[in-house]
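Scroll down for the structure; my scribbles are underneath it.
The values are calculated or read from the model by the stated rules, or taken from the named source; none is laboratory data. Just so it is clear, the model here is predicted, and its values are computed rather than measured. Note: ideal-geometry Cβ built from the backbone for every residue, glycine included; neighbour counts use all protein chains shown.
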Amino acid sequence: MSETLARPGPDTRMLPGGPGEGMLVEVRGEGDLRTQDMNLNIGPQHPATHGVLRVVIDLDGEKIVRATPVIGYMHRGFEKLAEARDYRQIIALVNRHDWLSAFCNELGVAIAVEKMMKLEVPERAQWIRVLMAEWNRILNHLMFIGSFGLELGAITPVFFAFREREDIQNLLESATGGRLHFTYNRVGGLKEDLPRGFLKASQAMVANVRTRTREYRDLLEGNEIFMARTKGVGALPPDVALDYGVSGPTLHASGVPEDCRVSEPYCRYDQVDVHVPLGTRGDSFDRFACLLGRVVASLDIIEQVLDRIPPGPVNTKLPKTVKAPEGEVYVRTENPLGQGGYYLVSDGKKTPWRLKMRTPSFSNIQMIPYLLEGALVPDMIAILGSVFFVVGDVDR
Amino acid sequence: MESLFALDNLWLALLLKLALIVVFFLTAPLVVGYIEHKGLAHMQARLGPMEAAFHGIGQLPADGIKFIQKEDIIPENADKWVFSMAPGVALVPALVVLAVIPMGPGVFAEDLDVGIFFALAVSSVSVIGILMAAWSSANKYSLMGGIRAAAQLIAYELPLVLAAAAVVLQAGTLSLVGIVEAQNEFRLFGVIPAAYAIPQLVGLILFFVAALAELSRPPFDMPIADSEIIFGHMTEYTGLRYAFFMLAEYAGIVVLSALAAVLFLGGWYLWPGVPLPSFAVGPIPGDVVAALVGFGVMFAKIATLAFVMIWFRATFPRLREDQLQRISWLIFIPLAILNIVVTAIFKVVA
Amino acid sequence: MTVPQVGLFKGLALTLKTMLKPATTAQYPHVKPDLPPRTRGVIALMEENCTVCMLCSRECPDWCIYIDSHKEVVPPKDEGARARTRNVLDRFAIDFALCMYCGICIEVCPFDALFWSPEFEYATYNLLELTHEKERLRAWMETVPPPPPLESGAELPKEVSDGLAAARKAAEARAAAAAPAAKAAGAEPKAAAGAAAAKTGKKVEDDIHVEAQIDQEVFDQLIAEGKSERVARAKAKAAYVRKEKARIRAERETANT
């Protein structure tokens, strides 16, 4: 299989992807008991890595001795592209780096520009933004609920999750025109108002999704095999999580209640009851349970919002060219995957000088080497599935 | 019991039996495969194949034709001969076991005195095929799948064999036909006619779960685990060789379901004690009618057991390898031995 | 260790229950999907409305709209009037291989020449065929659905709200006119004028026509400030017209009262 070369020393590590990367293995034992680790590439094309993430692991039998994630396979230069686009075009672009939370990304950019221009966003727009952001959150979490089960071998919940996703996407399509990339936010509000019947359809959909979450509980959370695969697997202590900059459901599972919607409310989150489900052990099961809990919490928020949308306009009058005044701003939003940030530096022109995106997935996958050390290969799959990330978000 | 197909001419009889076994071997997995496509689909709130022929009946034959016309690829670093022979080694034992499984009164190729022993021994040869495929593929994922398969399949041979041994003890014969006849005469508490499923309920559960593990079906499909190690030992296979592996899996389902039906569910009898209709219908003689009805009953039982296997596949995630092993060695094997001991006691006392 | 408990059986029950219910699959292409009117399927061009302002091409984030035009001179309608120039659209093509379906072009078009259509079945085997020329884009107009009515509480579009306001004023004026005629004797012409104006939505001042001339004072002042002659002339003309209209208005007021 692979040749055995001597390692120059115990501390020098081979750069993954570099020359001879697959060749260096660690040799232990003498004579007949001689064993060597196997160096295996998980990805970039692999069913379990949620995209083109590559994890280079050193295996001792089925136990992972060391793991190194290699990212960058999906780098598209978003931040550079943003420097040549005006603010409405950027909103169309940022749909695409974390494609599962498209609306929340747009929201971050729109809020950043509005803060710099000191624009007053109408009430109706703020409330509808909360509504759509929560629907987007449910869409995102449903995707991960389905795919987590799929990676562990439960092939049915993914179809149920996608059935719900289809229904919700149809609902959002009637308002925004798109099923995945909404391009619904604008600087100063929303593109256009909701179509007639949207709120009633929303109400019906909330009841529908609520019954279905009970199905996911039966099929996954309450399943003993699932519990055996995920309980105690990939336990993340809260201090380590905070050190790595983890956010979102992965952080809540470790017991830390940091949520942007509660600590730094934007839009109308300060007038809505936001329930943040917490876990105790920080293992994969808690992460999954937090995800399910967040779906129910989002449904509750939607129900609160549905009656409170005031009549009025949904956007403000903008100047002919939207130019953010000189300055900089950092905006934090609670994206479904964690805390997303946009650092916008403007020099007064109609395109930004710099748009830096702080993406939650990038910070979340930093803890993968920590979690994978000492885990088995099947546990690695459970861990990768439970650290919710989208590779487009990691690489931008 | 004499086989229906025992003609006067030995060679003609051999040819006829061979032909019938091959036909059954090629068609029964297709039926089970179709049940899997449609059953799995409806459990997942979707429709399954609908385009090929009527409601997708032609899907599996179409897949077979597609596989036949595919390019034959052997990886460069692979061990050519071992790689090529592995699907055959995995497939042929299933074919051979079908020779002893009775599908009806007289509907079998040969009634061996050591029927169940032969069946279990031959079916464990297919494990070697899996290991050959894994090792010769020159692929780290295949190797991991093969190692998992080796551990798992050996671990679950024991509960399978021990559960069958308890039935053999109760029936008093190793011959499969003899076991069916013994169930026909069995009376629970001396009065109620029942198949061995009731006194041997533990054995049935053990046999069924061990069969799932032997076939690498979920929740025991760690060796295949298509979200972790792509497809385990079958990763590098394509075309007809891959079709043989798939055929081996479905044929294995048919074979082990048939064995479970014979050992525990009363074989071709609708219910023990209820004789099969053996009156002549038109030009067809009575024993042929009984054979046909018996075959139908057996096929229905096989289909039901296959459906339960598919039901399990749709519902459960897969168990981790070490959890698998722990269940087998620490729970199943002691239970199986306990089952044998209790059966023996009852056999001696009652 | 996993001991089979209730959870496993609940899962089995759920899959069995789902199996006995009808499937949710819609068998495309036998069944076409029912898409909402705002769906972003394909962009349609109403060629007659396009004035080749090129805003859509400029605003497109992907630069996938290709526009060619030329200027034509149109002879004047009346004798002695100036000849007009007109933009004629030669080529309007959208490259759907590049298009990211963001909708910015449709949003910025000031003349309502671009529309969304829910049609999505235009996949081709050849990448070049994905560039739709203006004939094809005009053909997509057949498939454009009317916009859906808006949710209750939404702000109405400006044309609709202006028309409603005008109608309300007209109704009030009619009601006021129907009140005792003696009371409204003096104000009748004004009310009538006001009602007429409300119906047409124009201001009363628009009835006054003033021939534009240069207000010399304003002109000199602007030249002294350093503005160019063209700018100064235009601003001086506007100042003159404003003054004249105000004068005529004041005369009419005094004439009325």
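From the list B:Lys38, B:Lys17, the lone residue that is more than 14 Å from chain A (Cβ to nearest Cβ), under 24 Å from B:Val180 (Cβ atoms), of a type in the set (Lys, Arg) and crowded, with 18+ Cβ neighbours inside 10 Å is B:Lys17. Residues of region B:116-148 that are within 11 Å of chain A (Cβ to nearest Cβ) and in contact with a Leu (Cβ under 6 Å, 6 or more places away or on another chain): B:Lys140 alone.
A:Gly234 passes every criterion in (1) surrounded by fewer than 24 Cβ atoms within 10 Å (Cβ to Cβ); (2) within 21 Å of the chain's Cα centre (by Cα); (3) within 14 Å of another protein chain (Cβ to nearest Cβ) apart from (1).
Looking for something part of a loop (DSSP other than H, G, I, E, B) and either aliphatic (A, V, I, L, M) or over 30 Å from C:Ala13 (Cα atoms) (or both) - is there at least one such residue anywhere in region B:21-41? No - not one qualifying residue is present in region B:21-41. Looking at region A:159-169, is at least one residue assigned to a loop (DSSP other than H, G, I, E, B), within 14 Å of chain B (Cβ to nearest Cβ) and crowded, with 20+ Cβ neighbours inside 10 Å? Looking for residues that are assigned to a loop (DSSP other than H, G, I, E, B), within 14 Å of chain B (Cβ to nearest Cβ) and crowded, with 20+ Cβ neighbours inside 10 Å, one finds none in region A:159-169, hence no. Residues that are without any contact (Cβ under 8 Å) to a residue 60 or more places away in the chain and either out of contact with any Gly (no Cβ under 7 Å at 6 or more places or on another chain) or small (Gly, Ala, Ser) (or both) within region B:121-146 comprise B:Ala121, B:Val122, B:Ser124, B:Val125, B:Val127, B:Ile128, B:Met132, B:Ser136, B:Lys140, B:Leu143, listed in sequence order.
Within region A:248-271, the set of residues being part of a helix (DSSP H, G or I) and more than 20 Å from A:Gly234 (Cβ to Cβ) comprises A:Cys260, A:Arg261, A:Val262, A:Ser263, A:Tyr269, A:Asp270, A:Gln271.
Where strands (runs of 3 or more DSSP E) fall entirely within region C:31-134, those with at least 2 residues that are at pLDDT below 90 are at C:65-74, C:84-95.
Of the residues making up region B:266-287, those that are crowded, with 17+ Cβ neighbours inside 10 Å and either farther than 16 Å from B:Ala197 by Cβ or within 14 Å of chain C (Cβ to nearest Cβ) (or both) number 1. Within region C:143-163, the presence of at least one residue that is part of a helix (DSSP H, G or I) and closer than 20 Å to C:Val42 by Cβ is confirmed. Number of residues in region A:54-73 that are more than 16 Å from A:Gly374 (Cβ to Cβ) and either within 14 Å of chain B (Cβ to nearest Cβ) or out of contact with any helix residue (DSSP H, G or I) (no Cβ under 6 Å at 6 or more places or on another chain) (or both): the value is 4.
Selection of first residues in region B:61-81 that are under 11 Å from B:Leu240 (Cβ atoms) and of second residues that are small (Gly, Ala, Ser) and surrounded by 15 or more Cβ atoms within 10 Å (Cβ to Cβ), restricted to Cβ pairs under 6 Å at least 6 apart or on distinct chains, gives the following pairs, ordered by first then second residue: B:Phe67/B:Gly239; B:Phe67/B:Ala243; B:Lys70/B:Gly239; B:Asp72/B:Gly239. Does region A:193-208 contain at least one residue that is closer than 28 Å to B:Phe316 by Cβ, among the hydrophobic types (A, V, I, L, M, F, W, C), in the same structural domain as A:Phe389 (by TED's automatic domain parsing) and surrounded by fewer than 20 Cβ atoms within 10 Å (Cβ to Cβ)? No: region A:193-208 contains no residue that is closer than 28 Å to B:Phe316 by Cβ, among the hydrophobic types (A, V, I, L, M, F, W, C), in the same structural domain as A:Phe389 (by TED's automatic domain parsing) and surrounded by fewer than 20 Cβ atoms within 10 Å (Cβ to Cβ).
Residues of region A:170-190 that are in contact with a strand residue (DSSP E or B) (Cβ under 9 Å, 6 or more places away or on another chain) and more than 9 Å from chain C (Cβ to nearest Cβ): A:Tyr184, A:Val187, A:Gly188, A:Gly189, A:Leu190. In region C:141-153, the residues that are hydrophobic (A, V, I, L, M, F, W, C) form Cβ pairs under 6 Å with partners that are at pLDDT 85 or above, at six or more places apart or across chains, as follows: C:Met141/C:Ala44; C:Met141/C:Met46; C:Val144/C:Ala44; C:Val144/C:Phe115; C:Val144/C:Ser117; C:Leu150/A:Asp193. Got at least one residue in region B:58-66 being β-branched (Val, Ile, Thr), out of contact with any helix residue (DSSP H, G or I) (no Cβ under 9 Å at 6 or more places or on another chain), surrounded by fewer than 20 Cβ atoms within 10 Å (Cβ to Cβ) and at pLDDT 90 or above? Looking for residues that are β-branched (Val, Ile, Thr), out of contact with any helix residue (DSSP H, G or I) (no Cβ under 9 Å at 6 or more places or on another chain), surrounded by fewer than 20 Cβ atoms within 10 Å (Cβ to Cβ) and at pLDDT 90 or above, one finds at least one in region B:58-66, hence yes.
Filtered by the rule that a residue be acidic (Asp, Glu) and touching a residue at least 24 places away in the same chain (Cβ under 8 Å), region B:294-350 gives a lone residue, B:Glu321. Within region A:55-91, if we keep just the residues that are assigned to a loop (DSSP other than H, G, I, E, B) and more than 20 Å from the chain's Cα centre (by Cα), the residue that is surrounded by the fewest Cβ atoms within 10 Å (Cβ to Cβ) turns out to be A:Ala84.
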